[in-house]
Each structure stands twice: as structure tokens, then as C-alpha cells.
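Participant: A single structure is presented below for examination.
What follows is calculated from the coordinates using simple rules that are stated; it is not laboratory data. This is a predicted model, so every value here is computed, not measured. Note that we place each Cβ from the backbone using ideal geometry, even for glycine, and neighbour counts take in every protein chain shown.
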């Protein structure tokens, strides 16, 4: 089989079309399922549609992530109410966190939220995420914490403000007793952060389960490593191209 052509570097000023966003977000849903980060039909990945007003794409409520396609995604407003005909319901209560973050975070074109075993286990630990590995050091200092206040719903609107406040300009958040959340200027960036935030949680649990004394690197080494990784509008772009090629080979229906 011939090698695929090398991907063309993205234009940082490119404004994606709705179709491009639908395919990217559908791909993200399939990949979250592929890497074992789903919770039945619950949790959301969402992306902002460019243009006037607050318009977002989100999953229809009741579909497994492995079933999501570009055309099945539903356009909703800031309250999670559908703005297009759909035979599937949308869970407005589940969109509360996403709506707040999209509107309050300058970099949150895409928001991802998961309830994984590893993520929820770390969310229950007093010490939070530790810099135990190089990939964990990339996000060290970029992972913030939001304390649990109950199910995020419309009966606690003030929590939206606290979520945005706690997130600040960080790309990653641990929701105490709840799960993980990442944001990014693109679907690729948000997925990159979610993948490695999840991996960091899994690594920590594996290291803790050994019973051995954990060795933490000096703070200055952690800071230097984090700076070496950097941040930018094309974060996660290269592995995203590889992952899209994988889906095109194995699950091409996500584009439908």
C-alpha cells in the first residue's frame, strides 16, 4: 500500500465550514468510543459554529458515541435547544457546562467532557494529578479543579460562573467527583488535551497501584518541560490527521 501524502500544514486563520466541523466532531465522538472514554449515552462533545449568535453542534441524546455521524449532530443554541428539525432529543441539562464554557472561555471553540474510570478516580483524590511522567508534565499547571456542587443543571445557574472562573485560561479541568473536561480552539486541540489528560490519569493510577514510593521531579524541571511542549492554535493537529486517516480506513461512516 502506498504511503499517504504528508498532511499540509493548516492555515491558522482558516475559518472552518459547518461541514468541516461536523466531520471533525463526529470523528472525535468515534475516537472517544474507540479509546474507551465513553459513559453509555451520557456526556457531550460540542463545537461552536462560526457566525452570528451562539450556535453549537452536539450529539443527539440516546445515541452511542460509536454511532455518531456528521449529519446526526444537532445544532443547538446556548440553552441547548435544537435549532434544526431532529427526531432525536437533545439533553439541555447536559449542555449546561458546555454552554457556560463556550461563552466564557476565549479559547473554547470545542469543549469535551468525559466520565471515565481513571478520570473520576483522580477526581476523588485529594492530591489531584501528579507530574509522574513526561506526558503529564505537558499539562502540569494547565489542569485546574472545580469542586462538586451536584448535578450541573438549570437549578444552579450560578455554578456556570464558577466553572468559567475556575477554568480561567487553562485547557484542562478536573471536575471533583465528576470527571474530566478539556477545551481547545479546534476539535483537534480539545481531543489532544483530553487524550493526554486521560492517559495521565491512567498512568497515575497504575503507578499508585504498584505500592512503590512515587518519585516526583523537581518543580523547575516540570516547568521547563511544560514550556518545551508549548501551546498554539495548531496544537494536536498532526496526530489528528493520523487519527482521521485511521477512521477513514476503519469507520468511514462517521463522515455520513
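Participant: Along its principal axes, what span do the Cα atoms of region 1-155 show, with the longest given first and each in whole Å?
Facilitator: Its Cα atoms span 52, 44, 30 Å along the three principal axes.
Participant: I would also like to ask the following. Between residue 79 and residue 135, what length in nm is gained on full extension when 0.36 nm per residue of separation is reduced by their alpha carbon distance?
Facilitator: Between residue 79 and residue 135, full extension yields 16.6 nm more.
Participant: Calculate, for residue 227 and residue 177, the FRET efficiency according to 1/(1 + (r/R0)^6) with r their C-beta to C-beta distance and R0 35 Å; round to the nearest 0.05.
Facilitator: Calculated transfer efficiency: 0.65.
Participant: Continuing with the same structure: So for the pair residue 149, residue 169, with labels modelled 7 Å out along Cα→Cβ, what separation do we get in nm?
Facilitator: Here the modelled spin labels are 2.4 nm apart.
Participant: May I ask for the distance between the Cα centers of region 120-135 and region 43-97, given as a whole number of Å?
Facilitator: 30
Participant: Over the Cα atoms of region 169-256, what radius of gyration and what Dmax do you get, in Å?
Facilitator: Reported Rg and Dmax, both Å: 16.2, 50.
Participant: Next question, about the same structure. Quick one: go through region 1-33 and flag any residue whose amide nitrogen is under 16 Å from the point 7 Å out along the Cα-to-Cβ line of residue 64.
Facilitator: 29-33
Participant: Using only Cα atoms, what Kirkwood radius does region 18-255 have, in angstroms?
Facilitator: 18.1
Participant: Run the quick spin-label model on residue 14 and residue 40: label points 7 Å from Cα toward the beta carbon, then report their separation in nm to one decimal.
Facilitator: Spacing of the two 7 Å Cα→Cβ label points: 3.9 nm.
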